[in-house]
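The next block holds one structure in the form of structure tokens; read it before the comments.
Any read-out appearing in this document is the output of simple, stated calculations on the displayed coordinates, not a laboratory observation. Keep in mind the model is a prediction, meaning the values are calculated, not measured. Neighbour counts run over all protein chains shown; Cβ positions are idealised from the backbone, glycine included.
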Amino acid sequence: MIDGRIFGGGKDLGSAFALTDRIVATAAHVVRKREPGDLTFITAGSSVQVEDIQIEPKLDAAVLRVAESLAIMPSLAHAAMDEGWSVTARPKNADSRLTGAVTAVDHLIQNAGGHEMNVLQLDVTQKFGDFSGYSGSAVVVRDSIVGLLVEQVKERTAGPGAKPRAANVLYAVPVDRLVARFRLGLRVERQPGPKDSRQLLNTAYFDLDRLKNAILDARATVTDRFLSFGIPVQCTDMKVVDNLRDWLPSHLGEFAPKGQITLRPEVNSVERAVSYVVRYRAELERVNVFCPILADGVSPETVSRFINEVRAALGRHRRWMFLLLVGEPAGGFPDPVAALPLPSFAPEDVGGWAYRMVALRRWPKHLAPVWRDRIVDEVGMVDGLLDVRATYEVLEDHIGRVCTRAEELKRELEDMEAW
């Protein structure tokens, strides 16, 4: 990653960082009312002239085109709850790098320009009282850029006549929204694999990468906070649905999960199904809502009508409405619904989990392939893939044993290896 400082008129205006070899990102207020010819990006002792500026005040973000290639393509990723972050850019050489934890991934604020925006909320370890000069910095998680630092939060109380100090909370624009707004065409990845032991012991974080990436990509581009996806799994097998629901808060914030609603005409009319969802309108002002919709065998026209009427009836709302259509309509999912790929697991997916679990438990590395083979045998293979529902069930059994009878399981794996 390349980070540096923006200079204009001989003054240090703020931090910035390279998004591509010719595009530099910073906070809009850093370069507001400045002309491109007045600005330079200085990094690692070199100075590069700015050729063009694009500003988005609703995000307090700006991208600058520079005159020379910076020869860098940084990794971009989605932030998740509780991840540790850092900012390496510093206003002065004697200043500290910033570190902390992500405490909200979809926090709605009104920025200094009066615009509503959804930001990453960052808890800061360092107690400075003022974070001026850090605006425009890249927020980094595990060597990937996840956000653009834009604002500090002031303490709510101060003594008479005293200037409020900065609280230990900062706001950042998620990098996927930055990429979408300026149409940069860059790939924003989901951080690979569970980040801590709690996730390894929760099957909601096991694989399903293609599905999760599709959801995160859609989040960055929608404007009405309404998401509708279709997943072609059997309605009787809701484990994938449950695991996606349990994973969502790590990237979109907390959800109020709702019961299933069916679109089958022999059970529900479209009007009645719409009325069920519209009841959640008041909740959408304060919390995200997740609602599974059973759509197996339903006509595409019925699905389209349902989605369009729900969207129209809900109108504008502050939180996410997430509709997940389960099963597959008779003619496939129509345009209002983004079809997710069919979930599938392979032995190497289980192998990756086993290797991370062995490392977590500090067991000998050679037990990981033994563990993988045991799980694969218990699940069973069909056409080179593992049954998704059976994989979850077997994994949960092994997770239970890790939590309650770990040494017994270890001995069994050692015995299997000896054979």
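Hey, what number do you get for the chain at 222 nm if only DSSP H runs of n ≥ 4 count, each worth -39500 (n - 2.57), divided across all residues, to the nearest 500?
-8500 deg cm²/dmol
Find how much the distance from Val267 to Met73 grows on full extension, using 0.36 nm per residue of separation minus their present alpha carbon separation; answer in nm with one decimal.
64.6 nm
So how strong a dipole does region 12-126 carry about its Cα centre when Lys and Arg Cβ are +1 and Asp and Glu Cβ are -1, to the nearest 20 debye?
Here region 12-126 has a charge dipole of around 240 debye.
What are the ³J(HN,Hα) values, in whole Hz, obtained from phi via the Karplus relation 6.51 cos²θ - 1.76 cosθ + 1.60 with θ = phi - 60°, for each residue of region 92-101 in sequence order, with x given for Gly and Pro?
Those phi angles translate into 10, 4, 7, 6, 7, 6, 9, 9, x, 9 Hz.
Per 0.36 nm of contour for each residue apart, how much would the distance between Lys33 and Arg198 grow if the chain were fully extended, relative to their Cα-Cα spacing?
Result for the pair: 54.7 nm of gain on full extension.
For Cys291, Cys403, which order do you get if you count the other beta carbons within 10 Å of each Cβ and list the fewest first?
Cys403, Cys291
In the chain, which helices (entire DSSP H runs) extend 20 Å or more along their own long axis, judged by Cα positions, while averaging at least -1.0 on the Kyte-Doolittle scale?
300-314, 347-361, 388-404
Going through region 260-318, which GluC sites (Glu not before Pro) have at most 10 other Cβ atoms within 10 Å and a DSSP loop state?
Glu266
Looking at the chain, what % of the alpha carbon pairs are farther apart than 32 Å?
47 percent
Would you please classify the overall shape of region 98-193 from the alpha carbon gyration tensor, given that a ≥ b ≥ c denote the square roots of the eigenvalues, rounded means a/c under 1.5, and beyond that prolate means a/b larger than b/c while oblate covers the rest?
prolate
Pick from Ala27, Ala295, Ala282 the residue whose mean-square fluctuation is largest in a GNM of the chain, springs joining Cα atoms under 10 Å.
Ala282
Full-extension gain between Val278 and Ala390, please, as 0.36 nm times their residue separation minus the C-alpha to C-alpha distance.
36.8 nm is the gain from fully extending Val278 to Ala390.
Among Leu360, Leu386, Leu314, whose mean-square fluctuation peaks in a Gaussian network model of the chain (Cα, cutoff 10 Å)?
Maximum among the listed residues: Leu360.
Please compute the modelled spin-label separation between Ile109 and Ser304, points set 7 Å along Cα→Cβ, answer in nm with one decimal.
It is 4.2 nm.
Using a Gaussian network for the chain with springs between C-alpha atoms less than 10 Å apart, which of these wobbles most: Leu409, Leu201, Leu76?
Leu409
Can you tell me, using C-alpha contacts under 8 Å and at least 6 residues apart, the relative contact order of the chain as a whole percent?
Computed value for the chain: 11 percent relative contact order.
Name the trypsin sites (Lys or Arg not before Pro) in region 65-106 that are in a loop by DSSP and that have at most 13 other C-beta atoms within 10 Å, would you?
Sparse-neighbourhood loop trypsin sites (Lys or Arg not before Pro): Lys92, Arg97.
Can you give the charge dipole size of the chain about its Cα centre, rounded to the nearest 20 debye, using +1 on the beta carbon of Lys and Arg and -1 on the beta carbon of Asp and Glu?
Computed charge dipole of the chain: roughly 1720 debye.
For a quick check of your reading of the filter: which trypsin sites (Lys or Arg not before Pro) in region 285-317 sit in a DSSP loop and have no more than 16 other Cβ atoms within 10 Å?
Taking region 285-317 and a limit of 16 other Cβ atoms within 10 Å, the loop trypsin sites (Lys or Arg not before Pro) found are Arg286, Arg316.
Give the residues of region 38-69 whose amide nitrogen is closer than 12 Å to a point set 7 Å from the Cα of Asp21 in the direction of its Cβ.
68-69
Given all pairs of different Cα atoms, what value in angstroms does the Kirkwood hydrodynamic radius of region 3-66 take?
For region 3-66, inverting the mean 1/r across all distinct Cα pairs yields 11.2 Å.
Name the shape class, rounded, prolate or oblate, that the alpha-carbon gyration tensor gives for region 231-281, where a ≥ b ≥ c are the square roots of its eigenvalues, rounded holds for a/c under 1.5, and otherwise prolate holds if a/b is larger than b/c and oblate otherwise.
Cα axes put region 231-281 in the oblate bin.
Which one of Val233, Ser86, Phe290 has its Cα pushed farthest toward the positive end of the charge dipole of the chain, where Lys and Arg give +1 and Asp and Glu give -1 at the Cβ?
Going by the Cα projections, it comes out as Ser86.
Which distance in nm do the two modelled labels at Ala313 and Glu285 give, with both placed 7 Å along the Cα-to-Cβ direction?
That separation, rounded to one decimal, is 1.9 nm.
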